[in-house]
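Since every read-out is calculated from the coordinates, none of them should be taken as a lab result. Predicted, not measured: the structure shown is a model, and the values here were computed from it. With ideal geometry, Cβ positions are generated from the backbone for all residues, glycine too; neighbour counts draw on all protein chains shown.
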Amino acid sequence: MWTNWSGSLECRPRATDRPLDEAGVMAAVARAADRGLRIRPVGAGHSDSPLAVTDDVHLDCSALTGIVAVGTDRVRIRAGTTLASLHAALAEKDLALDVVPDTDAVTVAGAISTGTHGSGAAVGSLSAQVITVRLVDGMGAVRRIDGPDLDALRTGLGALGVLTEVELRVVPAALLHVHEEPGAPSELLAEGGVLDRHRWAEVELHVPSGEALARWGDVSEPGSEPLPVVRRDPVRAAAAGSAEALGRMVSWLAPTVWRAPRWGGSATGPAHRLLVDTRPQRTEFTEWALPRAALDAAVRELSAAAGARGLEVKAPVLVRVGPAESGWLHPATDRATAWIAVRAPRGTDPGPLFGLVATVLTAAGGRPHWAGRHDWTAAEVEQAYPRLADFRRVRDKLDPQRRFANAHLDTILGP
Ligand SMILES: Cc1cc2nc3c(=O)[nH]c(=O)nc-3n(C[C@H](O)[C@H](O)[C@H](O)COP(=O)(O)OP(=O)(O)OC[C@H]3O[C@@H](n4cnc5c(N)ncnc54)[C@H](O)[C@@H]3O)c2cc1C
């Protein structure tokens, strides 16, 4: 039996293939086709939506790892490589990814396929860094894609083929100088404020107390030395673990305990060492991409609606930003975006809160993060994504028989 990282999803595939190379992927797709079965690629299983769930064949891509080639501005890697391995390999060459999501346990293919982002008004998601991909299509053939169809693959949802190699843009390594400071939510969320002025910035909101904490960072001056980083992740994780246990009994305590600072004020170091949460709590999440201008009002509306319904938002709400994306199904497609992530501690039923979040943030023009929990169907996707027809055209070309479909993709994309 397969379960995802948070434990919220499970399935019993009829078979699991774990190919070691591209030829193995081709053979697995051909085998599934011979048996008339569908096949779903899966990475590190960090998604909370059932994108990778199947009763047919699971294609575990975790052995497709390693760097194929590195240049001064690009890297070609096998698609199952984790971000942790990629950060380490690039650092050895004095290079780095421009964007650093807060997890490094996910695979490059899984991250790209759901549009995984970091937080910076000018820094695009991992999907935006893609230069070319190699994939095995629904007929079992290898294709290299670098033309206009790449905008379908930038957020392909595993619906277009099995990515085997990805070429990504990279930048020279640099040190980031980061700070954290509490503030008033409306000031921290305002347009032109802390979220928009820095290379990297995020805001954590504590809905029950109305408090907020901003974190931001900029590239430090050339020649500056890394400051010793006092990582608070273990402390935060321990605090959050107790909060989770306590939260079920005495829920008002939880936000107070979750609020532990991350670096104890400020720190300097490589972004992948500072920004990755090394001890994430196993929460379920839902995350929504809103037009940047709608952020402040949407947060106020959400807090008021949760309060009115007596729903507690126990875990901090994480607010991040990003520029407009070109990926046809990227939730930030065509508009500067503010992301609102709501998490639910394990052992609690996230259904009522996540349902409310979906209602309020859809009304505010939001689109769900594909990896988070959401209840969108093709009807909402058609309304929200002007380039869906182009995505479907590429899907018809690469997977006319829907070898890579599952029930969830049928729901959000149609048959
Ligand atoms: C603790 C935690 C922190 C997170 N932080 C962030 C964050 O900072 N920013 C953000 O945007 N998201 C974040 N996420 C969401 C996460 O990035 C996505 O769930 C991502 O898709 C996970 O990658 P994965 O390797 O686990 O992929 P999976 O969840 O296994 O799969 C995701 C999708 O990718 C497809 N896929 C996997 N491998 C391939 C392949 N080789 N070819 C084609 N398709 C493939 C699958 O079919 C599926 O559709 C976080 C999630 C967690 C649990």
Residue-wise HN-Hα coupling along region 174-190, computed from phi with Karplus coefficients 6.51, -1.76, 1.60 (Hz; x: Gly, Pro): 8, 9, 9, 9, 10, 9, 9, 7, x, x, 7, x, 5, 5, 5, 8, 4
Whole-percent pair-distance distribution, where bins are 5 Å wide, for the alpha carbons of region 253-376: 2, 10, 18, 21, 19, 16, 10, 3, 0
Degrees separating the helix 233-249 axis from the principal Cα axis of the chain, which is the longest one: 80 degrees
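How do 299-308, 56-65 rank on mean C-beta neighbours within 10 Å, highest first? Present the calculation step by step, with values, prior to reporting the outcome.
Working: 299-308: 16.4, 56-65: 20.9.
So the peptides 299-308, 56-65, ranked by packing, come out 56-65, 299-308.
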Degrees, to the nearest 10: 388-398 long Cα axis against longest axis of the chain: 40 degrees
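Given only helices, namely DSSP H runs of n ≥ 4 each adding -39500 (n - 2.57), what is the per-residue ellipticity at 222 nm of the chain, to the nearest 500 deg cm²/dmol?
Rounded to the nearest 500, the figure is -8000 deg cm²/dmol.
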Antiparallel DSSP beta bridges within region 290-415, percent to nearest 5: 90 percent
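Where nothing but the Cβ of Lys and Arg (+1) and of Asp and Glu (-1) is charged, how large is the charge dipole of the chain around its Cα centre, in debye to the nearest 20?
720 debye
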Estimated translational D of region 1-143 in µm²/s (Stokes, Kirkwood radius over Cα pairs; 10 °C; 1.306 mPa s): 99 µm²/s
Rg(Cα)/(2.2 N^0.38 Å) for the chain, N = residue count: 0.95
Segments 95-107, 8-20, 394-406 sorted - mean Cβ within 10 Å per residue, highest first: 95-107, 394-406, 8-20
In degrees, nearest ten, helix 22-34 long axis to first principal axis of the chain (Cα): 70 degrees
Euclidean distance of C-alpha centroids, region 103-153 and region 7-38, integer Å: 21 Å
